[in-house]
1. Run down Arg71, Arg91, Arg24 and say which single residue is closer than 20 Å to Asn205 by Cα, assigned to a strand (DSSP E or B), of a type in the set (Lys, Arg) and at pLDDT 95 or above.
2. From the list Val190, Val170, pick out the single residue that is surrounded by fewer than 20 Cβ atoms within 10 Å (Cβ to Cβ), aliphatic (A, V, I, L, M) and touching a helix residue (DSSP H, G or I) at 6+ places or on another chain (Cβ under 8 Å).
3. Let me confirm something: among Gly82, Gly57, which residue is within 16 Å of the chain's Cα centre (by Cα) and either open to solvent by less than 20 Å² (accessible area, probe 1.4 Å) or modelled with pLDDT under 95 (or both)?
4. Which pairs turn up if I take residues in the stretch 85-97 that are open to solvent by less than 50 Å² (accessible area, probe 1.4 Å) and look for partners that are of a type in the set (D, E, K, R) with beta carbon separation below 6 Å, at least 6 apart in sequence or on another chain?
5. So which residues in the stretch 136-185 are part of a helix (DSSP H, G or I), touching a Leu at 6+ places or on another chain (Cβ under 9 Å) and either of a type outside the set (Phe, Trp, Tyr) or modelled with pLDDT under 95 (or both), if there are any at all?
6. With the condition kept exactly as written, say whether any residue in the stretch 178-196 is within 13 Å of ligand 2 (Cβ to nearest atom) and either touching a strand residue (DSSP E or B) at 6+ places or on another chain (Cβ under 9 Å) or among the small types (Gly, Ala, Ser) (or both).
7. Cβ-Cβ distance below 6 Å, separation of 6 or more or different chains: which pairs start in the stretch 109-135 with a residue that is touching a residue at least 60 places away in the same chain (Cβ under 8 Å) and in a loop (DSSP other than H, G, I, E, B) and end on one that is open to solvent by less than 90 Å² (accessible area, probe 1.4 Å) and β-branched (Val, Ile, Thr)?
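The values are calculated or read from the model by the stated rules, or taken from the named source; none is laboratory data. This is a predicted model, so every value here is computed, not measured. Backbone-built Cβ (ideal geometry, glycine too); neighbour counts: all protein chains shown. For the accessible areas, the whole protein counts, side chains as well, though only heavy atoms, and no ligand, DNA or RNA atoms are used. Shrake-Rupley method; radii C 1.70, N 1.55, O 1.52, S 1.80 Å.
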Amino acid sequence: MQITVKIKRFDPEKDKRSRWTEYRLEANPMDRVLDVLNEIKWEQDGSLSYRRSCAHGICGSDAMLINGVNRLACKVLIKDLGNDIAIEPIRGLPVEKDLIVDMESFFDSYEAVLPYFINDDPVPAGERLQSPEEREIFDASTKCILCACCTTSCPVFWVNGRYLGPAAIVNAHRFIFDSRDRGTDQRLEVLNQPNGLWRCRTAYNCTEACPRDIPVTKAIEDVKRVLLWRTS
Ligand code: SF4
Ligand code: F3S
Ligand code: FES
């Protein structure tokens, strides 16, 4: 099929603001957007810049706004988009070049919620066991690939870039609900700050955007409940 791909481009060395550039090419309906971007870069315009790595929905590096929706370029088929495709960088983070954004503040928020196992109890002789039911409680949150599709689709984050954002909260959820972890109070202190958890207005964009089908808004609500119980 013949397709037209409009890409919002920005070169910090030449441009004052972003500009749309249009490319026409032949694509297979089963091609993914990432295949099309590669075709454009390799055959038409080597200066086009975007992140990608695994090409299989695992690394989370190719999140972009495709026809107005945050998605991973390697997981979207051309047949599901039609002949006219518009691609922009994810919103709310500074654009470095073309589809590449500066993810530093996103990872700062992730780091702030202490996304690692905390437990100073004496080391047991065997493993720290957990039942399948206890594991199930935070199973979905372990699937996060830190792609930022959720945080950069959140209207609260668009107007306040200091909001911790859904991705950080999902990763706090992953440890708060782990029966072996003891760092809940430390994490809740971070989440209870002015730009933390309570900024969420349950817009649900994050849940719709997640390529791993994580129930992001539910995870946020679960953490809100824990915080309420602890402080009431
Ligand atoms: Fe991506 Fe989903 Fe993790 Fe958000 S919660 S960063 S959308 S994988
Ligand atoms: Fe934003 Fe998701 Fe809350 S889109 S407002 S973090 S439910
Ligand atoms: Fe790794 Fe798409 S390139 S998730």
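1. Arg71
2. Step by step, each of Val190, Val170 is checked, and only Val190 is surrounded by fewer than 20 Cβ atoms within 10 Å (Cβ to Cβ), aliphatic (A, V, I, L, M) and touching a helix residue (DSSP H, G or I) at 6+ places or on another chain (Cβ under 8 Å).
3. Being within 16 Å of the chain's Cα centre (by Cα) and either open to solvent by less than 20 Å² (accessible area, probe 1.4 Å) or modelled with pLDDT under 95 (or both) holds for just one of Gly82, Gly57, which is Gly57.
4. From residues that are open to solvent by less than 50 Å² (accessible area, probe 1.4 Å), the pairs are Ala86/Lys6; Glu88/Lys8; Leu93/Asp102.
5. Thr151, Thr152, Ser153, Ala167, Ala168, Ile169, Asn171, Ala172, Ile176
6. Yes, the stretch 178-196 contains a residue that is within 13 Å of ligand 2 (Cβ to nearest atom) and either touching a strand residue (DSSP E or B) at 6+ places or on another chain (Cβ under 9 Å) or among the small types (Gly, Ala, Ser) (or both).
7. Taking only residues 6 or more apart or on different chains, the pairs are Val113/Val190.
Residues are listed down the side, and each one gets a yes or a no for (1) of a type outside the set (S, T, N, Q); (2) exposed (fewer than 13 other Cβ atoms within 10 Å of the Cβ); (3) on the phi > 0 side of the Ramachandran plot:
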| position | (1), (2), (3) |
| --- | --- |
| Arg128 | yes, no, no |
| Pro132 | yes, yes, no |
| Ile137 | yes, no, no |
| Ala140 | yes, no, no |
| Ile145 | yes, no, no |
| Thr151 | no, no, no |
| Gly161 | yes, no, no |
| Leu164 | yes, no, no |
